[in-house]
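Starting off with a structure, shown below.
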Amino acid sequence: MEYYSIVATWMGTIILISGFLTVLFRRFWNILACYRVQSLALAIATWTAGRMTGSSHLEIIAYVTLIVKAILIPAWIRHVLKRITTRTEARLTVGVAFSLFSAAGLLLLSHVVASRALYGLRVSPEALTEVLALVLIGLFQMMTRREAVTQMMGILFIENALTLAALQLAKGLPMIIELGIMLDVLIGILAMGILVYRIQEQFDTTDTAHLSTLQG
Amino acid sequence: MLTTLITALTIFSGVAFLPAPVVLSTAIALLASLTLWGVGGSLVWSVLVNGQMQSAWGIFYLDRLGGFFLAVLVLVGGAVLLNVAGQLRTAAATEAGHDAAAFPKRAGEVPMSASLGLTLLFLLAMILGLSSRNLGLIWVCVEGTTMISALLIGFEHQRAALEAAWKYIILCTVGLSFSLLGLILLVYAAEISGAVPTLDPVGLAFLAPQLPPTVLKLAFLLVLVGFGTKAGFAPLHSWLPDAHSQAPAPTSALLSAVLLNCSVYAIIRTAGIMSAAGLGADVRSGMLLFGFVSVLFAALFLLVQHDLKRMLAYSSIEHIGLISLGIGIGTPLSIFAALIHTVTHSLAKALAFLSAGEMVRTAHSHDMSRMLGMLRRRPAAATGFSLAMTGLAGLPPWPIFASELLLVWAAIGAGRLWLAMSLLLLLAIAFTGLLYHTVRVVYGDDPHHHHHHQHKDGLGHQAEPEIPETVATKRESGLIWRDLSMAVLALMVIATPLLLLSPAAETIRAVAAVIPGGGL
């Protein structure tokens, strides 16, 4: 028991740190590596939670997470990245220092929101803070990088944060919903990858700053 | 019946993805359309008229509210499937005849019939969403529609369509993640107050009084922003005019007439939990704010549009805003008006998008100044279009006139005078904008058109290419299907005033009673 809760704490930390690191990177491969690490940590955290509570449903979800998020999705993104060979890094619209400060600011904001929402309840706001911060950082990452592929990865990071929320806050959603969400993510990433191909074909770039003909 | 409907549509969509001759695709579309009207129709009839709950496999169920939204889906969906059949036949004929001008040939290797498969999946996801007794499952289905419809929008590989599809999938997915977080917070609220965690809206409403209100408020805010993005509430609507205008006509019709309603449905379900917790005032102010801002944005942007389908998209934002206002005012009268508004808007908007698609095809352009005098150039489409637009603008015989008046009346009754006054002004602006554009497009005099003809007759440069007879027949058959779909929708729009009469109005009042504030 003791051993499992230590692992769970460590995994929570790894998930938060790998989310934080993404605001510093601009190379696609580094961001992808962050995602892989985060998904792996998420799978392990789910598995240990399943062991701690003796729920076989969480263990199954952990294996599915491992296969879908740590193997299938990164492989598909690798495939997409190899086909759009034009560039390997995103143009940042803000500096690294600013990104780091903003991420810290978002963490603080999440803490304020979480403590206010849970004010007067005998619950620690840590878990809610972590989830909110990860969602906001994912959003920030998407807004400061205009590449289609990094936007796609931003969605993946936000989705990981939601899976963490389902695990830590809701103690696991019903199996059919967890699997449904996983299926949505998988289909979504496939659809986005196909769109990225076509955008590359038609526009000769995947910089979304060029996607600006429709206005008003 | 619910199980039959779901199973049949699953099989049809599976078969539609197989590469097959166009005859088979047409047959599937026709069968699916008849199934939707037959099975779906009797299903919603038993739910709405007899008040029977329907359930399937333990996770799906339909009450009056779900039945009402499903009824709109069934009516519109069947007609749209007929239109898809027509589009497939025309595309097949065009590919055979290499008539590139009428229908640009696609570069991709995806067979055209895949668009039928995607349309069926799209409908299926919405049916599952409307009939789930679980907010998480509703979310999964609504998010699923994002992926499917994004592929439909980007189906033609054109630059503008790809841009629209990309913005749509990114913004809606991010928006919906917020609402999933909100739903997880609902479970969390149950968890920390020691109740059995659940995502069943009825069960949560039952638990609601003992849940912590601060967590509930944060959860509802996230749900409202998330599903509100997908419902096209201003200022979260920036993807909507792009996506709805760039999609192929049948997809536009489904996006505007059905999918927006599904998101509103999810919001109403969550609002029920909030009201049960005594937080109805927060729900109302949120809905009022989004509703008013949407009507404001849409009315102003309607006026300045040049693109026909963008104008229709802004009109959708206006009407979704009005529906949201009706729920936000929160009296039985306003909710009744919002429901009447939902049905009539969906039917008229589907007709508007299908006929606009025909007009775009005739004019080879989305630009309204290039499609003047459509009554002469494509009479059937122009007639359908003017019928739809008078319905949408709210000219007296059509129920939107009544529901808009009822909304203003309900706003005054609820003591929101400023809202009633500004609403009247905005409605007048939107009315003028819609009718101005409609009259111009339908009756306008097109100098280019005459000039074009003279030029062609005089010099003979742009003579129509010879079309083989078989191709012409096939194209004719596509045209018949497309015209049929418009005719069916036109009949439905003509029948809408009946909604205000006794049996139908009673049924809608019973639906309103399910929505917080709607009961007498």
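If you scan the range A:49-90, which residues turn out to be in contact (Cβ under 8 Å) with a residue 40 or more places away in the chain, small (G, A, S) and surrounded by fewer than 15 Cβ atoms within 10 Å (Cβ to Cβ)?
A:S55 - this is the single residue of the range A:49-90 that is in contact (Cβ under 8 Å) with a residue 40 or more places away in the chain, small (G, A, S) and surrounded by fewer than 15 Cβ atoms within 10 Å (Cβ to Cβ).
Condition check ((1) more than 24 Å from A:G180 (Cα to Cα); (2) not small (G, A, S)) across all residues:
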site: A:A8; (1), (2): yes, no
site: A:Q38; (1), (2): no, yes
site: A:I67; (1), (2): no, yes
site: A:L81; (1), (2): yes, yes
site: A:T93; (1), (2): yes, yes
site: A:A97; (1), (2): yes, no
site: A:L100; (1), (2): yes, yes
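Considering only residues of the range B:174-184 that are facing chain A (nearest Cβ under 7 Å) and crowded, with 22+ Cβ neighbours inside 10 Å, which is farthest from B:K230 (Cα to Cα)?
Filtering the range B:174-184 for residues that are facing chain A (nearest Cβ under 7 Å) and crowded, with 22+ Cβ neighbours inside 10 Å, the one farthest from B:K230 (Cα to Cα) comes out as B:I184.
Let me ask you something else. Kindly provide the set of residues from the range B:27-64 that are at pLDDT below 90, of a type in the set (S, T, Y) and under 24 Å from the mean Cα position of the chain (by Cα), ordered by number.
B:Y61 - this is the single residue of the range B:27-64 that is at pLDDT below 90, of a type in the set (S, T, Y) and under 24 Å from the mean Cα position of the chain (by Cα).
Here's a check for you: in the range A:17-31, which residue that is of a type in the set (A, V, I, L, M) and surrounded by fewer than 21 Cβ atoms within 10 Å (Cβ to Cβ) is farthest from A:A70 (Cα to Cα)?
Here the answer is A:L24.
Of all the residues that make up the range A:66-102, how many are within 14 Å of chain B (Cβ to nearest Cβ) and over 30 Å from A:D204 (Cα atoms)?
Total meeting the criteria: 0.
Turning to a different aspect of this structure: Please specify each residue of the range B:203-214 satisfying the condition of being of a type outside the set (G, A, S), surrounded by fewer than 24 Cβ atoms within 10 Å (Cβ to Cβ) and outside any loop (DSSP other than H, G, I, E, B).
Listed by number, the residues that qualify are B:F206, B:L207, B:P209, B:Q210, B:P213, B:T214.
Right, next: Scan the range B:289-303 for residues that are in contact (Cβ under 8 Å) with a residue 60 or more places away in the chain and buried (at least 24 other Cβ atoms within 10 Å of the Cβ) and report the count.
The total comes to 6.
While we're here: Regarding the range B:251-266, can at least one residue be identified that is under 24 Å from B:G321 (Cα atoms), within 10 Å of chain A (Cβ to nearest Cβ) and either assigned to a helix (DSSP H, G or I) or aliphatic (A, V, I, L, M) (or both)?
Checked the range B:251-266: no residue is under 24 Å from B:G321 (Cα atoms), within 10 Å of chain A (Cβ to nearest Cβ) and either assigned to a helix (DSSP H, G or I) or aliphatic (A, V, I, L, M) (or both).
Let me ask something additional. Among the numbered criteria (1) more than 23 Å from the chain's Cα centre (by Cα); (2) more than 9 Å from chain A (Cβ to nearest Cβ), which single criterion is violated by B:G226?
(1)
Is it true that some residue in the range B:203-223 is within 7 Å of another protein chain (Cβ to nearest Cβ) and touching a Pro at 6+ places or on another chain (Cβ under 9 Å)?
No: the range B:203-223 contains no residue that is within 7 Å of another protein chain (Cβ to nearest Cβ) and touching a Pro at 6+ places or on another chain (Cβ under 9 Å).
Test of understanding: among B:G326, B:G330, which residue is on the phi > 0 side of the Ramachandran plot and more than 14 Å from the chain's Cα centre (by Cα)?
B:G330
Another question, then. Of everything in the range B:185-202, what is in contact (Cβ under 8 Å) with a residue 24 or more places away in the chain, within 11 Å of another protein chain (Cβ to nearest Cβ), part of a helix (DSSP H, G or I) and within 19 Å of A:I181 (Cα to Cα)? Give them in sequence order.
B:L185, B:L186, B:Y188
The values are calculated or read from the model by the stated rules, or taken from the named source; none is laboratory data. Remember, it's a predicted structure, so these values are computed and weren't measured experimentally. As a convention, Cβ positions derive from the backbone with ideal geometry for all residues, glycine included, and neighbour counts pool all protein chains shown.
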